[in-house]
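Encoded as structure tokens, the structure appears first; notes follow it.
The values are calculated or read from the model by the stated rules, or taken from the named source; none is laboratory data. In this text, all values refer to a predicted model and were calculated from it rather than measured experimentally. Quick reminder, even Gly has a Cβ in these numbers, built from the backbone with ideal geometry, and neighbours come from all protein chains shown.
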Amino acid sequence: MNFSVNNCYASIEILNGLNYPKGKDDLEFSLGISDLDLALCERERYQVYDNVESGSLMKQLMDMRYDNVGGVREFIMKMVNIRTKLKSHKIDFNKKFIVEHALNCLFADFTQIKIAYNTIGQKWTMNDLITKCVAEEEKLKKEKSDIALLSVHSKPTSGKGHWKNTKSTSNASNKYQDYGKPGKVSNKM
């Protein structure tokens, strides 16, 4: 009987009672090669899967951009999580790369923190980055709420795009407001 394993041919004689020891050795050898071939195929499949998953994680990490959904802390933690998964695939990015990549993925509102990182000359840990980015995010949210409050307390004037505060900031312009109008008696002078 002839068969092929991984393009290697093996032959086993038909057992007749006289060739039993040799037939047993041939059969064990052939089954051993078969097991080895199966193990190599499984390893190859796992390696292909591992490479595909590694490539997918790399693409996911490189394509990440902060979109202000869920907060900056969660965004950075997703990056750290992907880095950990890549590390299990024997792809290790150093922490400095992740810190700098995270900063580059933040939008323009975080320019001040990017400038601070580049000018200080001190390298930040992931915890430093998260702490500073969360503080900056809170500051930005407060500024946006202050701007929203200002716009709520303002009213439009005539003309496109012009806004005027409803409360007068100067009494000088109102001092002679009714002066010279017919029927008005002014004692402001």
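Of note:
- Test: residue in the stretch 42-58 that is touching a Lys or Arg at 6+ places or on another chain (Cβ under 7 Å) and surrounded by 13 or more Cβ atoms within 10 Å (Cβ to Cβ): yes
- Residue check, I91 in a helix (DSSP H, G or I), among the β-branched types (V, I, T) and outside the structural domain of D50 (by TED's automatic domain parsing): no
- Taking the listed residues E74, E53, the one that is in the same structural domain as I130 (by TED's automatic domain parsing) and at pLDDT 80 or above is E74, with no other qualifying.
- Test result for L57, touching a helix residue (DSSP H, G or I) at 6+ places or on another chain (Cβ under 6 Å) and in a helix (DSSP H, G or I): yes
- Residue in the stretch 115-128 that is loosely packed, with under 12 Cβ neighbours inside 10 Å, over 29 Å from D50 (Cβ atoms) and among the acidic types (D, E) present: no
- Within the stretch 8-21, not a single residue is out of contact with any helix residue (DSSP H, G or I) (no Cβ under 9 Å at 6 or more places or on another chain), part of a helix (DSSP H, G or I) and either within 25 Å of E136 (Cβ to Cβ) or charged (D, E, K, R) (or both).
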